[in-house]
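Derivation of every value follows stated rules applied to the coordinates shown; laboratory data play no part. Only a predicted model underlies this, so the values are computations on that prediction, with no experimental measurement involved. Ideal geometry is used to build each Cβ from the backbone, glycine not excepted, and the neighbour counts take in all protein chains shown.
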Amino acid sequence: MGDPVNRQAQSAVLFLLGASLLHAATTDLYLRYVKQGLRPLVLVSGAVLIAAAVATVWYERKRARSREKTHVHPEPRVAWLLVLPLLALILVAPPALGSYSATRTGTALQEPLAYPALPAADPLPLNLVDYAGRAVYDHGRTLTGRQVQLTGFLALDHDGTPYLVRMALNCCAADAQPVKVALTGEVPPVLQPDTWLRVTGTYTARRAEDPVNGGPIPFIEVTEAKPVPEPTDPYDESWNS
Amino acid sequence: MAITKPAPQRVEPEGRHLNSPLLLTIVMLVLVLLQSPIRRALAAPVMQSWTTVFVAVMVQALPFLVLGVLLSAAIAVFVPPSFFARALPGRPALAVPVASAAGAVLPGCECASVPVAGALVRRGVTPAAALAFLLSAPAINPIVLTATAVAFPGNPEMVLARLVASLLVACAMGWLWLRLGRADWLKPPSHPSHDGQSKGEAFWGSVRHDVMHAGGFLVVGAMAAATLKAVAPESWLRAAAGNPVLSVLALAVLAVVLSICSEADAFVAASLSQFSLTARLTFLVVGPMIDLKLFAMQAGTFGRSFALRFAPATFALAVLVSVLTGWVIL
């Protein structure tokens, strides 16, 4: 059999795990994996893990000083696996889900409850999911004649159709689902998947069917496309509000 | 994932044990030195999405696991066994529905309920009642029901159907355990005894034990869920949606495979709009009761021979009850 995990190693693992959670929650790193609302919980759990590590060391030293006979129950080897998530968080820090997941999953567009009037800005910055909902389920009534600005990352379909995508998230990246808007018009000649773009364009009645789940994909007639840095929160969390 | 697997998985002959702090240091050092080859190996899109989903499941589940672990330590250290003897009806058959309904007060997802149920069993609560609590808590608490109502604005009956079906399955599994369950399927408690320890030491000892133990199994479950999410194509689902029987089974299996937090699963179910409401109800009832990460954690807390019997029975019963409930309510 391999080595069971003894107390010192356990407190080291607990401490590192807590520290990596605190690190993720105090920077914007956590937004690649979970929703914003989980931040306080992640912070608290990181602090509790560190407290558990400190308490373990403290009681261990107290016990050693009093020279009590210790009956140590080592934890099973499966506890070693806890090293994996903390390494993945600290060393790898994987990026938010991108075009690979987006092209393998069907569009998750749902009918909005209402279509509130849009502000009078021109061009109008609009949430990609909001645009798709208005375009498909309201037949673009609130969008006609407006210049809109959408932000999302690029994904290319098997046949080369370019989509602007935003992953919508409810809790964590495991439940993230894409909402896609297909690009037509002045599409940039070189398209690199996973590039973040701010696209300016107008509504068009053209539609496509998602090859994965048959869901509706609206189009946007592009007049300008500009590369932009990835937003702080790469996911769309409008379903949470 | 052979690269990042820690070295201690190796078989070591008796008597030549490295001590684990040293081993931990060596593993960490080697991995830090190898970090650029590891990063390169993880740069392929499929590996990248695997790692993202794996980390996401862990970051999302750990806070709830910690919440459950704190509660379970508080139960183990501060609540005397006599409290449960008074709070629950003496007859086990009556204790089961009371414990199922009590699940409504644990606001969290399924990761929190496993350590709490383990602590209840150690505190002398009849296993049938603790298991009913384990199954009902993640599905019927107010946060989850509110999320369900938000996700299905056009179908408020979905909330009622989820509540009723989950309670029925939890009670039925509790009673089934009373009739057929055998105490020797449950692993004897591996917790160190708290005799001769101060309350603080016992509390933090319990927290440390549960995080290390359940956390290790949570990692196994998260890896399985990430693998299936990154590899299994969604087009299979589309093929199943047309057939009423297949669609229920497909979403039941999907719930097990995806291992989504019960606070978020309603939104995913809502987006699976090509499926019938009954099939989506099955997804919502099965998911919080049995999925890959729960199975791994149950096997760790209650023992493998328990989990191998309990999980399939829960799955079958949850599917059956969901179909019946869906037929009556939806």
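For the cross-link pairs A:LYS35/B:LYS229; A:LYS35/B:LYS199; A:LYS35/A:LYS180; A:LYS180/B:LYS229; A:LYS35/B:LYS187, which exceed 28 Å when the distance is taken from alpha carbon to alpha carbon?
Beyond 28 Å: A:LYS35/B:LYS199; A:LYS35/B:LYS187.
Quick one: which residues, 5+ away or cross-chain, put their amide H under 5 Å from the amide H of A:ALA208? H built at 1.01 Å from N.
A:ILE217
Percent of Cα-Cα pairs per 5 Å bin, from 0 to the last occupied bin, for region A:99-240, please list those.
P(r) over region A:99-240, rounded to whole percents: 2, 10, 22, 25, 23, 13, 4, 0.
Averaged over peptide A:16-29, how many Cβ atoms belonging to another chain are found within 10 Å of each residue's Cβ?
2
Roughly how tilted is helix A:39-65, in degrees to the nearest 10 and between 0 and 90, from the longest Cα axis of chain A?
Between the helix axis and the principal axis of chain A, the angle is about 10 degrees.
When the convex hull of the C-alpha atoms of region B:188-309 is computed, what volume per residue in Å³ does it have?
115
Residues with beta-carbon under 9 Å from that of A:LEU31, excluding A:LEU31: net charge, scoring Lys, Arg +1 and Asp, Glu -1?
+1
Which one, B:PHE64, B:ALA239, B:LEU277, projects farthest toward the positive side of the charge dipole computed for the protein assembly as shown from Cβ point charges (K/R +1, D/E -1)?
B:PHE64
State, in angstrom, two size descriptors of region B:47-329 derived from its alpha carbons: Rg to one decimal place and Dmax to the nearest whole number.
Cα radius of gyration and Dmax of region B:47-329 are 18.4, 63 Å respectively.
Ignore the peptide's own chain and count Cβ atoms of other chains within 10 Å of each Cβ in A:48-54; give me the average, rounded.
That works out to 5 on average.
What is the Cα centroid distance between region B:20-61 and region A:171-224, reported in whole angstrom?
32
If R₀ is 41 angstrom, what is the calculated FRET efficiency for the pair B:THR146 and B:ALA87, using the beta carbon separation as r and rounding to 0.05?
In this case the efficiency is close to 0.95.
Calculate the mean, over all residues of peptide B:287-295, of how many other protein chain Cβ atoms lie within 10 angstrom of the residue's Cβ.
0
Assign one of three labels to the protein assembly as shown, namely rounded, prolate or oblate, based on the Cα gyration tensor with a ≥ b ≥ c the square roots of its eigenvalues; rounded applies when a/c is under 1.5, prolate when it is not and a/b is larger than b/c, and oblate otherwise.
oblate
Of the listed peptides A:154-164, A:195-205, B:276-286, what is their order by residue-averaged count of other C-beta atoms within 10 Å, with the highest listed first?
Output ranking for A:154-164, A:195-205, B:276-286: B:276-286, A:195-205, A:154-164.
Using Cα centres only, tell me the gap between region B:106-130 and region A:12-70 in whole Å.
Rounded to whole Å, the Cα centres lie 23 Å apart.
Assuming 0.36 nm per residue, please report the length gained on full extension of the stretch B:ALA44 to B:THR227 beyond their Cα-Cα distance.
Full extension of this stretch gives 64.5 nm more.
With no other cysteine's Cβ closer than 4.7 Å, which Cys residues of chain B count as lacking a disulfide-compatible partner?
B:CYS111, B:CYS171
Hey, what do the phi angles of region B:93-105 turn into as Karplus ³J(HN,Hα) couplings, whole Hz, using 6.51/-1.76/1.60 and θ = phi - 60°, x for Gly and Pro?
Listing the rounded values in order: 4, 8, 5, 4, x, 4, 5, 4, 5, 5, x, 5, 8 Hz.
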